[in-house]
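Engineer: First the structure, which I've put down as structure tokens, then a few questions once you've had a look.
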Amino acid sequence: MSKVIVVTSGKGGVGKTTSSAAFAAGLAAKGHKTAVIDFDVGLRNLDLIMGVERRVVYDFVNVINGEATLKQALIKDKRVDNLYILPASQTRDKDALSKEGVESVINELKKEFDFIVCDSPAGIEKGAFMALYFADEAIIVTNPEVSSVRDSDRILGILQSRSKAAEDGKTVKEHLLITRYSPDRVEGGDMLGMDDIVEILSVPLIGVIPESGSVLQASNSGNPVIMDKDSEAGQAYQDVVARFLGEEVPLRFIDVEPKKGFFQKLFG
Amino acid sequence: MKLKGEMSMLNVLHVQELDLEKLCAELEQKRDEAPQFFMKSPIIVDCADLGDAAEQLDFSLLRQKLLELGFIPVGIRNNPVEMNARLVDAGWAIMRESRPSTASTEVSGDVSAETNQQAEVAQQDEPQAAPQVAPVGIKSLTIDRPVRSGQQVYAADADMTVLAQTSAGSEIMADGSIHVYGPLRGRVLAGARGNEQARIFCQSLQAELIAIAGRYQLLDESDTELKGKPAMIRLDGEKLIIEPLAH
Ligand SMILES: Nc1ncnc2c1ncn2[C@@H]1O[C@H](COP(=O)(O)OP(=O)(O)OP(=O)(O)O)[C@@H](O)[C@H]1O
Ligand SMILES: [Mg+2]
């Protein structure tokens, strides 16, 4: 049974595309045939972060309009087997996505893929709605700040009232992913703590990704950060994938690095 | 045109003329006087003043206009009965005239019709608004999932029990009493059609706004020592009383 997973947030710039790329690459690396779809029609970002922008010929909207087959538009990743990318169009607007069109693409993907990851655009308008409509599960990406948490709460409401699953009387399984987490700033009171976010949203936590310079480096070089085995963010995404697949993995990188005190310096 | 609060947070729009343009312009003006109060607030259209002339009004357009203005059209009342089917097609619920004191005990044939039609309205609503209704014949609506920011749940003619949390920025509303077993963080309005006996019960009071039968109070930290604690809210005359729930 294949699964459709939407990566969404409401608020923009919180790390949806970074997370979609890492998550999809991680699933594929574990041997699951995975497709990742860029729903951000008009902006196009996923292909850049995944380093395939030069290989885009046809896109999601071409497939919906019948101008290309799905096979023609899907880009096979060269680094990870089992990983395919369906890029968004840069030239159209979000109205190019019709419910019927999206449904037929997803149904066709379901025949071949284990996981279909949908990278949602920001906001709660049409593009975001299309990305979540067919989801079985949702990864809610939240930054440790009040406005991001509030937007996540909003998108959760839309997910459980307007998705196809909701219309069919079912629920979309929810996972909370906190990104750009900086234990120092939480400690200093500048950011919301992990426990507070979980308490406010009351959604099971699937992972915490630390704020890390390696994310920007990775996206500049077109390699999903999960492939950087030395980076804390990459390792945290590995844990997310493992948890998603049912493993029990303790949280990492959530505490402030212990600073050596005077006596520790003396005796340690 | 006249817009009244009617002893509740449910606004009633008394339509007195057929000119929709004019009506909407006036309504917009009213709304802008207190946008916070009217934004996303449910509204009932009363046709009593129009009589049979109501036949000539485009209710489908009116519904659309109300949505555009940020209201949540709930239902229509005092319309000529011959119009019922047409109004339902246009996405409206047909409501009985409100009789606050007897509303909670009244069970009649048209209750089921009303509930069904309101369920229909809910589907067509904007994402932010999801009024729900208790199943026919059961005077209680149970919500077992969180009510999130931007969502609105309304138990028409019923009590409401929420088993999960309600988020800041959400709104729950019932004609009867409301029980919330998760943290109560949004707005909560009991006795929405004027039942002064309605009460609010919650396990953890963190609400932004509480209201019973139209008497409302914004809750900030200074207002109650019971913040975050189990509490019951009832109406004593014009005053909302917040009491500890457990002794
Ligand atoms: N863990 C992290 N540490 C540091 N920077 C990060 C992290 N995650 C994301 N970023 C940075 O945040 C910015 C936004 O990330 P990304 O494009 O993934 O967000 P998005 O939610 O997809 O944005 P949009 O809403 O515009 O689609 C990028 O510059 C990215 O490099
Ligand atoms: Mg993005």
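The values are calculated or read from the model by the stated rules, or taken from the named source; none is laboratory data. What you see is a predicted model; the values in this text were computed from it and never measured. We place every Cβ from the backbone using ideal geometry, glycine too, and count neighbours over all the protein chains shown.
Engineer: List the pairs whose first member sits in region B:165-190 and is within 14 Å of chain A (Cβ to nearest Cβ), whose second member is in a strand (DSSP E or B) and surrounded by fewer than 22 Cβ atoms within 10 Å (Cβ to Cβ), and whose Cβ atoms are under 6 Å apart, counting only residues at least 6 apart or on separate chains?
Structural biologist: Taking only residues 6 or more apart or on different chains, the pairs are B:165/B:182; B:181/B:203; B:183/B:204.
Engineer: Could you count how many residues in region A:114-127 are away from chain B (no Cβ under 14 Å) and β-branched (Val, Ile, Thr)?
Structural biologist: The qualifying residues number 2.
Engineer: Right, next: Here are some conditions: (1) modelled with pLDDT of 95 or more; (2) touching a Lys or Arg at 6+ places or on another chain (Cβ under 6 Å); (3) not aliphatic (A, V, I, L, M). Residue B:150 meets all but one. Which one does it not meet?
Structural biologist: All conditions are met except number (1).
Engineer: Among the numbered criteria (1) over 18 Å from the mean Cα position of the chain (by Cα); (2) closer than 25 Å to residue A:150 by Cα; (3) of a type in the set (Asp, Glu), which single criterion is violated by residue A:59?
Structural biologist: With (1) over 18 Å from the mean Cα position of the chain (by Cα); (2) closer than 25 Å to residue A:150 by Cα; (3) of a type in the set (Asp, Glu) applied to residue A:59, the lone miss is (2).
Engineer: From the set of residues in region A:128-148 that are over 15 Å from the mean Cα position of the chain (by Cα) and over 18 Å from residue A:18 (Cα atoms), which is nearest to the other protein chains (Cβ to nearest Cβ)?
Structural biologist: Checking each candidate, the answer is A:129.
Engineer: With respect to residue A:80, determine if the residue is β-branched (Val, Ile, Thr) and free of Cβ contacts under 8 Å to residues at least 40 places away in the same chain. Show your work before the answer.
Structural biologist: Values: β-branched (Val, Ile, Thr): yes; free of Cβ contacts under 8 Å to residues at least 40 places away in the same chain: no.
No: the conditions fail for residue A:80.
Engineer: Name every residue in region A:212-222 that is surrounded by fewer than 19 Cβ atoms within 10 Å (Cβ to Cβ) and away from ligand 2 (no atom under 16 Å from the Cβ), in order of residue number.
Structural biologist: Our first condition is that a residue be surrounded by fewer than 19 Cβ atoms within 10 Å (Cβ to Cβ); within region A:212-222, this holds for A:213-214, A:216-217, A:220-222.
Within region A:212-222, A:213, A:214, A:217, A:221 meet the criteria.
Engineer: Would you mention how many residues in region B:191-206 are within 14 Å of chain A (Cβ to nearest Cβ) and more than 18 Å from residue A:150 (Cα to Cα)? Show your work before the answer.
Structural biologist: Within region B:191-206, the subset within 14 Å of chain A (Cβ to nearest Cβ) is B:203-204, B:206.
Among the residues that remain, those that are also more than 18 Å from residue A:150 (Cα to Cα) are: B:203-204.
Final tally of qualifying residues: 2.
Engineer: I would also like to ask the following. Please list, ordered by first then second residue, the pairs with beta carbon atoms under 6 Å, 6 or more apart or interchain, first in region A:46-58 and closer than 13 Å to residue A:83 by Cα and in contact (Cβ under 8 Å) with a residue 60 or more places away in the chain, second more than 14 Å from ligand 1 (Cβ to nearest atom) and not in a loop (DSSP other than H, G, I, E, B).
Structural biologist: A:50/A:85; A:52/A:75; A:52/A:85
Engineer: Can you tell me which residue in region A:129-142 is farthest from ligand 1 (Cβ to nearest atom), limited to those that are under 30 Å from residue A:254 (Cβ atoms) and surrounded by fewer than 24 Cβ atoms within 10 Å (Cβ to Cβ)? Write out each step before concluding.
Structural biologist: Within region A:129-142, the first condition is being under 30 Å from residue A:254 (Cβ atoms), and the residues that meet it are A:131-132, A:135-142.
Checking the rest, the ones that are also surrounded by fewer than 24 Cβ atoms within 10 Å (Cβ to Cβ) come to A:136-137.
On the way: A:136: 21, A:137: 18 Å.
Ranking the candidates gives A:136 first.
Engineer: Can you tell me how many residues in region A:157-205 are surrounded by 15 or more Cβ atoms within 10 Å (Cβ to Cβ), away from every other protein chain (no Cβ under 12 Å) and at positive phi?
Structural biologist: Qualifying residue count, region A:157-205: 1.
Engineer: For region A:14-45, which residues satisfy the criterion of being within 8 Å of the chain's Cα centre (by Cα) and within 12 Å of ligand 2 (Cβ to nearest atom)?
Structural biologist: Within region A:14-45, A:15, A:16, A:17, A:18, A:19, A:20, A:21 meet the criteria.
Engineer: Would you mention how many residues in region B:137-164 are among the hydroxyl-bearing types (Ser, Thr, Tyr), within 14 Å of chain A (Cβ to nearest Cβ) and either surrounded by fewer than 24 Cβ atoms within 10 Å (Cβ to Cβ) or without any contact (Cβ under 8 Å) to a residue 60 or more places away in the chain (or both)? Full working, then the answer.
Structural biologist: Start the filter on region B:137-164 by keeping residues that are among the hydroxyl-bearing types (Ser, Thr, Tyr), which leaves B:140, B:142, B:149, B:154, B:161.
Filter once more, keeping what is within 14 Å of chain A (Cβ to nearest Cβ): B:149, B:154.
From what is left, the residues that are either surrounded by fewer than 24 Cβ atoms within 10 Å (Cβ to Cβ) or without any contact (Cβ under 8 Å) to a residue 60 or more places away in the chain (or both) are B:149.
Of the residues in region B:137-164, 1 are among the hydroxyl-bearing types (Ser, Thr, Tyr), within 14 Å of chain A (Cβ to nearest Cβ) and either surrounded by fewer than 24 Cβ atoms within 10 Å (Cβ to Cβ) or without any contact (Cβ under 8 Å) to a residue 60 or more places away in the chain (or both).
Engineer: Step by step: first the residues of region A:1-41, then only those that are surrounded by fewer than 24 Cβ atoms within 10 Å (Cβ to Cβ), within 11 Å of ligand 1 (Cβ to nearest atom) and of a type in the set (Gly, Ala, Ser), then the one that is nearest to the other protein chains (Cβ to nearest Cβ). Which residue is that?
Structural biologist: Filtering region A:1-41 for residues that are surrounded by fewer than 24 Cβ atoms within 10 Å (Cβ to Cβ), within 11 Å of ligand 1 (Cβ to nearest atom) and of a type in the set (Gly, Ala, Ser), the one nearest to the other protein chains (Cβ to nearest Cβ) comes out as A:12.
Engineer: Could you please give the count of residues in region A:114-170 that are touching a helix residue (DSSP H, G or I) at 6+ places or on another chain (Cβ under 8 Å), under 28 Å from residue A:186 (Cβ atoms), more than 15 Å from ligand 2 (Cβ to nearest atom) and part of a strand (DSSP E or B)?
Structural biologist: Residues that pass the stated criteria total 1.
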